[in-house]
Each structure stands twice: as structure tokens, then as C-alpha cells.
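Readers should treat all values here as calculations from the given coordinates under stated rules, not as data from a laboratory. Because the structure is a prediction, the values reported are computed rather than measured. Ideal geometry is used to build each Cβ from the backbone, glycine not excepted, and the neighbour counts take in all protein chains shown.
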Amino acid sequence: MKANQGFKPEFLWGGATAANQIEGAYLDGGKGLSTSDFAAYKDPYAKGKVNNFTFDVTSHELQEYTNNSEKYLFPKRWGIDFYNRYKEDIALFAEMGFKCFRLSISWARIFPTGLEQEPNEEGLSFYDAVFDECAKYGIEPLVTMSHYEMPIELTKKYNGWVSRKLIHLFEKYARCILERYKNKVNYWITFNEMNMNLNSLYTGAGVLEDLVDDSLQAAYQASHNQFLASALAVKAAKEINPQIQIGCMINQIEAYAHTCKPEDQLQAVKSNQLNMFYPDVQARGYYPTYIFNYFEENNIQIEFKPEDELILKEGIVDFVAISYYMSHVAEAREDASKLAGTFDSPIKNEFLELSQWDWPIDPIGLRISLIKLYDRFQKPLFVCENGLGAKDVLTKEKKVHDDYRIDYLSKHIQQMKEAVKEGVDLMGYTPWGCIDLISCGTSQMSKRYGFIYIDQNDEGNGSLERIRKDSFYWYKDVIASNGNTL
Ligand code: BG6
């Protein structure tokens, strides 16, 4: 036996996106309206800060957006027109040498309201064409079944994932796409960042928060229902094609204790535990005891039926995927957050620089996270999101000199490599927004992550031309050298 020298030869280098942030064409091909079609652009600077992670939608806003949609901007409705330009985009990914492309399927393209018995053939054919295009270049799709959107009808009718009704509606959808793409897609993720239900109920679970009595209880009920749906999807995948690799995913935000005071350390342990709750259930197949204690302390009662235990046990995932953008600081105090991975940590880490959106930049935190996750689960890990949202400048010569992005990514890849050397089994790396897209939290175009610049502004104006940034050429070399040229 000897130590790992670096990334394995079959390492899945690539990039990541989500349907609602790239496709556009929100009513084409028989697609129904989805929750993300109602994420109105609101000036993120208006609140005096730019780091708001998400804008939730209330029942009144949903009504207003439905009745008077012409008064608002809904950038996710137009995305970057991937729906019509996927061939050009995938060719650019291939030029960078991608081995893998993470994308999601829009549930509302397949079942426009979620309630139909039969799927929408036009929606299914669209993804057939996308996967065929990937296959042309030997690119493996990594497909998220549910990435921050669902048919809006399911919000209107059931208030989203707080209802158990969604479990079998999702299972129908999952079985349909698993069956259809069983020979084209080998890698799947059931739900994007399930732990973010705690921070954003509408985005993660289609729940209108003003319609529930207790949002923490609702977040855990929605999560429980998603656990069951995810487990049923895993079971279906194994029945349909035992070769399929299917994973769970969280937004990994490592909590550091503010000081070495034992109380602060304990707070950090608890904060991390709440994040780990998600893969604990999905990678082990049962609820850990600590969560029942937390439920009792916070007066949370979730509906847990006798059959649920077996469903969870039979739906254990093959790998654990994470997105990683930052760490945060935990401190024992009266108002210490009861949420995992909180974005509103009042304490700043004085050792870290911030991005233009005030997100702490912490490459070593990625290494720490990978080591801890691997120690805990002993399952392959996948970093399926990571990246720097920044304002890019397009020069007159049509260049984007994004050395700050290269710097960010190379430091994170370096730490990932160290983690691999330290024994972590890492399957792949798909940095977020490999092509500029509409940001999730703020619905901005100007918060850019990509190697490829899109000529479009926040209002949706521009030629949509695709332009290679400096980071495009840099990443091409990274992939060609299997992570040795950074
Ligand atoms: C992740 C989401 O949490 O963060 C993505 O899965 C999102 O959908 C990414 O785009 C970055 O967040 P934002 O708000 O900068 O787009």
C-alpha cells in the first residue's frame, strides 16, 4: 500500500449548472411554470448589503407576480438561453477538456404541473439531445433531479414539500427520468443542497413560509419528505440500472469555533452536526439520535410514519457530494444560530478575505471538510460546486482578465489535492457556473462564476455571445495535466 500521489486518472473534471439558471425558454416545449420562474430580481444593493443568499417568496408576492408579472424582472425565465444554445455551450466545455458536466433536469419540463400521469415528450427529448451532445465528446453528465425548483402548481396546491403528497409525485418523476436516460446518465444527485431548506424554504422546498406556523418545524418536515423521496429514487435507480452511481448533496459550510473556549468548541460541533444530519440520514439510512434531542429542545414534531424507517434504510446513496463556498464562525452565545451553515453568522473570521458578495474565501476549509466527511462516511466524495462570484470586466478587445478567479480556484484545487493525498476518495470536481449564469440567491447576471463570459446584463439585455475568459485557458491546462498545472 502506498499514499495517493494526486487525483486519480479517471477523475471527473468539469463544471456545474442548474436548469433554472441557464435554460431560459421557460414556457417552450410544453414546460410548466416552476417555483424559480417567480424569483423576481430585486436590487440586492437596496438592502444595504450584497451578501443576501436568497430572496424568498411569500404567498402575497406569488399572487402579485402571477397577476402583474409585466411589472417585474424574472431573470431565471430567460437564463442564458442554454435551451437553444446547448450545442455551442457543450462544444466549449469539450474544448476545455471536460470529462463531466453537472446539470439538472427541470421537473416542470417533464411533468408541467407535477400532477400529470404521462410525461411531456418534448421535455424528455430536449434532455435526450443534451445528453447525446455530451456523449459526442465523451462528457459524463452528472444530473441533479431537483435543483431549487419544482412545478409551481405543487406550491399552490400543497405548499411544497411540507406535504407528503410530493413524495410519490417525485418518485413518479424520478422513475420516469431514470428509465428514460438509463443508458445515457451514469451519475445522479437526488436533491441539490438539502440542508439549505433551513435557510430558504421556498428555494429549497417550494414552501411559502408565511403559510406555515413554525418555519423550523416546516423545514424539517420538508426535509423528511425529501429524504423519503430521495431514498425511493435511489431504490428505483438500483432497480433500473445497478451500475448507476447516485449521491446526496449538501452545501458544506464548515463551522470554526470562535475561540478555544470549550463552550465555543461545543457550539461548532453542534453547528457542524446539523449540517451532517443530511448526509447522516442519506448515507447511513437512519436518523441519528442527536437530532431527536435537537427536535425536543426546539419543540419540533415531524410526521414520521412506521414505513419510513425501511424506506430510508433501502435508499442509501453511493456517494456524498458537496458544494463548497465558505466556512463560518460559531460562538456560544444566547442568540447562537439554531441553523446549520448559517449565512448570517454575526462573527467575521478575521483571517479570511471576503468576496465582492461578502462570502469568506477559505480554501483550507475545503480540505478540512473533505477530510472530515471522508472520515465520517468512508464513501466517495464529489465537489460538485465551488467558485467565486465576481464582477467581470469585458475589455474592448473582448477579453476578460479574471486572474482573481484563477487564484481562487487554483487555491481550492490545491487543497483538494492535499486532501486526496491524505486519503480522501474524491470522484470529481465541477466548479459552479462554468459558464456565466443567473445567480441563485440574487437572480443577478452580474454575479459571474464562469470560464465563459455571457454578453448579457441583469435586465436581460445583450447579444448572448459566449466569450472565453482567461480562466478558460487556465482550466483547460488544469484538466489536461490532471490538476498538476495550477
Ligand atoms: C449554490 C447553489 O448554493 O450556490 C447554486 O446550488 C448557486 O444554485 C450557488 O448558484 C451560488 O450562489 P449564488 O447565489 O451566488 O448564485
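Quick look at the numbers
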{"item": "Cα centroid separation - the stretch 175-193 against the stretch 368-413, whole Å", "result": "25"}
{"item": "Net length gained if the chain between residue 269 and residue 303 were fully extended (0.36 nm per residue, minus Cα distance)", "result": "9.6 nm"}
{"item": "Label-point gap, in nm, between residue 313 and residue 446 - each point 7 angstrom along Cα→Cβ", "result": "5.5"}
{"item": "Hull volume in cubic angstrom per residue (convex hull over the Cα atoms of the stretch 12-480)", "result": "141"}
{"item": "Student exercise, the chain dipole from Lys, Arg, Asp, Glu Cβ charges, in Debye to nearest 20", "result": "1060"}
{"item": "Entries of 8/379; 235/421; 182/313 with Cα pairs more than 26 Å apart", "result": "235/421"}
{"item": "Spin-label model distance (nm) - residue 395 vs residue 88, 7 Å beyond Cα toward Cβ", "result": "2.3"}
{"item": "For q = 0.15, 0.17, 0.19, 0.20 Å⁻¹, Debye-computed log10 I/I(0) when each Cα of the stretch 340-486 counts as one equal scatterer", "result": "-0.85, -1.05, -1.23, -1.31"}
{"item": "Three-way shape call for the stretch 67-126 based on the alpha-carbon gyration tensor, with the a/c threshold at 1.5", "result": "oblate"}
{"item": "Relative contact order for the chain, counting Cα pairs under 8 Å that sit 6 or more residues apart, in percent", "result": "19"}
{"item": "Two-site FRET efficiency, residue 239 against residue 289, from Cβ-Cβ distance with R₀ of 25 Å, rounded to 0.05", "result": "0.20"}
{"item": "Among 73, 40, 306 the positive-end extreme of the charge dipole of the chain (Cβ point charges)", "result": "306"}
{"item": "Inter-part distance where the stretch 267-308 and the stretch 10-30 are each reduced to a Cα centre, Å", "result": "31"}
{"item": "Inter-label distance, nm, simple model (7 Å from Cα along the C-beta direction), residue 364/residue 27", "result": "5.4"}
{"item": "Computed [θ] at 222 nm, deg cm²/dmol, the chain (DSSP H ≥ 4; -39,500 (n - 2.57); rounded to nearest 500)", "result": "-12000 deg cm²/dmol"}
{"item": "Flagged links, alpha-carbon separation over 31 Å, of 338/372; 2/87; 31/87", "result": "2/87"}
